[in-house]
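Peer 1: Questions regarding the structure given below will be posed in turn.
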Amino acid sequence: MSLEITSKLPNVGTTIFTVMSSLASEYNAVNLGQGFPDFPMNSELIAKVNEAMLKGYNQYAHMNGYMPLREVLAEKIFNIYNAKIDPEKEITITPGGTYAIYTALTTVLRPGDEVIVFQPCYDSYIPNVEINGALPVLIPLQYPEYNIDWNAVRNAISHRTRMIILNSPNNPTGAILSEKDMEELRKLVHGTSIFILSDEVYEHVIFDNLTHNSILRYPDLRDRSFVCFSFGKIYHCTGWKIGYCVAPAAVMREFRKVHQFNCFSCDSPKQIALSEFLEQPIHYTALGNFIQQKRDYFLSLMNATPFRMHNSFGSYFILGSYGHFSNEQEMDFAIRLVKDCGVASIPVSAFYRNGTDNKVLRFCFCKKEETLEKSAEKLRKLHC
């Protein structure tokens, strides 16, 4: 007798990032698909991790996170967003931002709840909603600027709406939320029991002297929100898988109930090191300009290719349109780029449940200059 499993995620296959990275490896292509830097992280931070291990910080950290780390995060949040956060009751260290998102959704959602999700979106949102028995209510961002249509949001609200997921700076589009967006959101949720999940892992990767409109800036929104962050995106160590969640004390208590029976606690030496490294704000305050230089350089290189590039106001990513010279489906075109040109990207259709195809690819520009130069040289040879 064979055992069978009724899948909780019947619509989910292998993630597009794995597919394209495997293809890039097979064809020895430049990988501008998956969002990770290919340059070294800060050697001082590495040394601090080694030092922590040598000093014996190798056993379990506190379930909620190393307190000095939570304290320095609370100080950082106050200095940047003028928000008073209790490090004891309102911050939990997590094994990555994606874990924080999953745990927040699992904390709140019950079967039959509805969650508003804007597409294109980070690929974990919809499966995380569905595995909790809830229903994603999908609202497309307005192409080509990828703005939110707030009238569509109002029309989508029902008595079952339990949460709205936001992501700014946005992956995959590089769009950001404006002050007007935040005011629309405040009016929309006022007087409701709707929670907000705000994915802000790229909070410091924002360009053109623009402001990151964090949920933490708005007390009325903060009181109903889980705000999720990642150290990996800030300190160029995505493989560390360490982040944190900020939420009001009452809901954080419930978040921690889920957390304690999932991972319980996070990597101790890295928490020790990060608590000390965060005492030097320059490492994150200068990040936007550092990554913007890469964006600008990549754009200058892409001018010589057939692509029409979109704006990117934050994140590691920028979109390029090709519909003016090819009618190929995005997935087919992305595969051809790997095989014919030796450059891997991500089809934006993969970030939509229904595969919406606007003839747009996502490129990661958080790379060394020589990587960007090599990719652009290959794309200049693209046969249109």
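The values are calculated or read from the model by the stated rules, or taken from the named source; none is laboratory data. Please read all numbers here as calculations on a predicted model, not as lab measurements. Note: ideal-geometry Cβ built from the backbone for every residue, glycine included; neighbour counts use all protein chains shown.
Peer 1: Of all residues in region 276-305 being closer than 28 Å to L379 by Cα and in contact with a His (Cβ under 8 Å, 6 or more places away or on another chain), which is surrounded by the most Cβ atoms within 10 Å (Cβ to Cβ)? Steps first, answer last, please.
Peer 2: To start, the set of residues in region 276-305 that are closer than 28 Å to L379 by Cα comprises 287-305.
With the extra rule that they be in contact with a His (Cβ under 8 Å, 6 or more places away or on another chain), the set shrinks to 287-288.
Numbers: L287: 19, G288: 21.
Among those that are closer than 28 Å to L379 by Cα and in contact with a His (Cβ under 8 Å, 6 or more places away or on another chain), it is G288.
Peer 1: Restrict the check to region 210-229 and report whether at least one residue is crowded, with 24+ Cβ neighbours inside 10 Å and touching a Gly at 6+ places or on another chain (Cβ under 8 Å).
Peer 2: yes
Peer 1: What about R154, is it in a loop (DSSP other than H, G, I, E, B) and surrounded by fewer than 16 Cβ atoms within 10 Å (Cβ to Cβ)? Outline the logic, then answer.
Peer 2: Numbers: in a loop (DSSP other than H, G, I, E, B): no; surrounded by fewer than 16 Cβ atoms within 10 Å (Cβ to Cβ): yes.
The answer is no for R154.
Peer 1: Scan region 72-114 for residues that are in a loop (DSSP other than H, G, I, E, B), within 16 Å of R253 (Cβ to Cβ), in contact (Cβ under 8 Å) with a residue 40 or more places away in the chain and of a type outside the set (D, E) and report the count. It would help to see each step written out before you state the result.
Peer 2: Initially, region 72-114 is screened for residues in a loop (DSSP other than H, G, I, E, B), giving 82-90, 95-96, 109-113.
Checking the rest, the ones that are also within 16 Å of R253 (Cβ to Cβ) come to 85-90.
So of that shortlist, the ones also in contact (Cβ under 8 Å) with a residue 40 or more places away in the chain come out as 85-86, 89-90.
Okay, now just the ones that are also of a type outside the set (D, E), so 85, 89.
Residues in region 72-114 being in a loop (DSSP other than H, G, I, E, B), within 16 Å of R253 (Cβ to Cβ), in contact (Cβ under 8 Å) with a residue 40 or more places away in the chain and of a type outside the set (D, E): 2 in total.
Peer 1: With the requirement that a residue be among the small types (G, A, S) and under 16 Å from V246 (Cα atoms), what does region 171-229 give you?
Peer 2: Correct list: S198, S214, S225.
Peer 1: In region 13-41, which residue that is among the polar types (S, T, N, Q) and closer than 21 Å to L372 by Cβ is surrounded by the fewest Cβ atoms within 10 Å (Cβ to Cβ)?
Peer 2: Quick first cut of region 13-41, residues among the polar types (S, T, N, Q) only: 14-15, 18, 21-22, 25, 28, 31, 34.
With closer than 21 Å to L372 by Cβ added as a condition, the list becomes 21, 25, 28, 31, 34.
Working: S21: 18, S25: 12, N28: 8, N31: 20, Q34: 17.
Per the stated criteria, the residue is N28.
Peer 1: Quick check, is A350 in contact with a helix residue (DSSP H, G or I) (Cβ under 7 Å, 6 or more places away or on another chain), in a helix (DSSP H, G or I), assigned by TED's automatic domain parsing to the domain that holds A24 and aliphatic (A, V, I, L, M)? Step through it out loud before you land on a result.
Peer 2: Numbers: in contact with a helix residue (DSSP H, G or I) (Cβ under 7 Å, 6 or more places away or on another chain): yes; in a helix (DSSP H, G or I): yes; assigned by TED's automatic domain parsing to the domain that holds A24: yes; aliphatic (A, V, I, L, M): yes.
Taking the combined requirement at face value, the residue satisfies it.
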